[in-house]
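*Asks:* Dumping the structure here so I can ask a few things about it.
The values are calculated or read from the model by the stated rules, or taken from the named source; none is laboratory data. Remember, it's a predicted structure, so these values are computed and weren't measured experimentally. Using ideal geometry, Cβ is built from the backbone for each residue, glycine included, and neighbour counts are taken over all protein chains shown. Note: areas computed on protein heavy atoms with side chains; ligands, DNA, RNA excluded. Shrake-Rupley method; radii C 1.70, N 1.55, O 1.52, S 1.80 Å.
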Amino acid sequence: MQQLKKRLEIWLDKRGHSGIMLKQIQYFQAVVRCGSFTEAAEACYISQSAISQQIQALEQTLGVQLLNRKNRKFSVTPAGEYFYKKSLILTADFEKMCRETVRIAHEEAPALCIGYLKCYSGKEFQQAVAEFTEKYPDVAIHIINGNHEDLYEQLRLGTVDLVLNDQRRAFSDEYVNTVLAVSECYIEIAGRSPIAGMERVNVQELKDIPCILVASPSQRENEQLYYRDIVGIQGEFLFAENLEEARLLVIGGKGFMPVEGSRDAMPGTPLHHVPLLRNGKPIKRTYCAFWKADNSGYYVETFADILKTKFSAGEL
């Protein structure tokens, strides 16, 4: 598939700047996703100066500023935020086109693309993938992760077949909406914190402790708005790119992290789970499997059934 993508990029390049822009867009996405020129350069296997030059060239081609640079830091401009979100659609469609072209040409096995919440810490999703691949070894599975809005957008565009997501919108007839679990919310906090010994904690009692969220740079604002306006957390927010990084912040006493699940934290770690309440009542979160109604098929529905079985066995 890499050879096909390269040929397509060369073909586009011969017809203008499209091929060059595609690579520059991918570099721009990496910088925003990583939140760092250095990390993005490492991920793209080029030098930091080269990736900076490519993004500057992209800005010149577009005639707009995508990033505000100050010393060794940067922020994404409103135009950059818009371009980033729309470019994800472009590159996802390009990747899908390449995959499908190769699959058709080589008569490869059917594929299933699945997405899941990057902040989800349960084992049900991994267990479902393991069981599905054991039963259907000829089905190629592609897995992505993201925040709520990332997954919703990918599903809406048809670049993913099914997602494990939390419910933040009213159910739509356009999608199949399978409820997997309604889980009470907890906070994960370092065992040495005085809050770790509490039977339960209200969101109002956490206003002086930072809330740690797992979110990509482009989704930080959306996640903060959700946890502030819907969940009711009013303190400072800190962000991590993945669960491992978030848990290290929690262990280091930097704040607490909202999680689903049970009173039991991860075995062998200095972490504690405390039930999270709002106005004295438990906060609950609904997890669902979503897929487009016009994309129902044997493998999509089968994976959803397996996933539902795993959640039922886990009794969240």
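*Asks:* For labels at I230 and A170 in the simple 7 Å Cα→Cβ model, what's the distance in nm?
*Replies:* The modelled label-to-label distance comes out at 1.5 nm.
*Asks:* In Å², what does the accessible area per residue of the chain work out to with a 1.4 Å probe?
*Replies:* Ligands and nucleic acids excluded, the figure is 53 Å² per residue.
*Asks:* Let me ask something else about it. Taking square-rooted eigenvalues a ≥ b ≥ c of the alpha carbon gyration tensor, is region 174-279 rounded, prolate or oblate, where a/c under 1.5 means rounded and, failing that, a/b exceeding b/c means prolate?
*Replies:* It is rounded, given that a/c, with a ≥ b ≥ c, falls under 1.5.
*Asks:* For N295 paired with Q53, estimate the spin-label separation in nm (one decimal), with each label point 7 Å from Cα along the Cα-to-Cβ line.
*Replies:* 3.9 nm
*Asks:* Next up: Can you find, among V259, L213, Y45, the residue farthest towards the positive end of the dipole of the chain? Put +1 on the C-beta of Lys and Arg, -1 on that of Asp and Glu.
*Replies:* Result: Y45, furthest along the dipole toward the positive end.
*Asks:* In region 44-180, carbon and sulfur make up what percent of the accessible area (probe 1.4 Å)?
*Replies:* 50 percent
*Asks:* Could I ask something else about it? Excluding E260 itself, what net charge comes from residues whose Cβ is under 11 Å from its Cβ, given Lys and Arg +1 and Asp and Glu -1?
*Replies:* Value of the local net charge: -2.
*Asks:* Grab the beta carbon distance between A313 and Q60, set R0 = 41 Å, and tell me the FRET efficiency rounded to 0.05.
*Replies:* After rounding, the FRET efficiency stands at 0.15.
*Asks:* Where does each of Y186, Y152 land when they are ordered by accessible area, with a 1.4 Å probe and the largest first?
*Replies:* Y152, Y186
*Asks:* Using Cα centres only, tell me the gap between region 42-63 and region 191-266 in whole Å.
*Replies:* After rounding, the separation between the Cα centres reads 34 Å.
*Asks:* May I have the count of lysine pairs in region 77-211 with C-alpha atoms under 24 Å apart, counting pairs 8 or more residues apart or located on different chains?
*Replies:* Lysine pairs meeting the criterion: 6.
*Asks:* Using packing as a proxy for protection, rank 196-202, 278-284 so that the peptide with the highest average count of other Cβ atoms within 10 Å comes first.
*Replies:* Going by the mean number of other Cβ atoms within 10 Å, highest first, we get 196-202, 278-284.
*Asks:* Now for a different question. Mind giving me the FRET efficiency for T302 and N279? R0 is 45 Å, r the Cβ-Cβ distance, nearest 0.05 is fine.
*Replies:* That gives a FRET efficiency of 0.60.
*Asks:* Say each of L238 and T77 gets a label point 7 Å from the Cα, pointing the same way as Cα to Cβ; how far apart are those two points in nm?
*Replies:* Each label point is offset 7 Å from its Cα along the Cβ direction, giving 3.2 nm.
*Asks:* Shifting gears a bit: Once the Cβ-Cβ distance between R69 and T91 is put in as r, and R0 is 22 Å, what FRET efficiency do you end up with, to the nearest 0.05?
*Replies:* 0.40
*Asks:* Two-decimal Rg/Rh of the chain from alpha-carbon positions, Kirkwood Rh?
*Replies:* 0.99
*Asks:* Within 10 Å of each candidate Cβ there may be at most 15 other Cβ atoms; applying that plus a DSSP loop requirement, which GluC sites (Glu not before Pro) in region 119-177 survive?
*Replies:* E174
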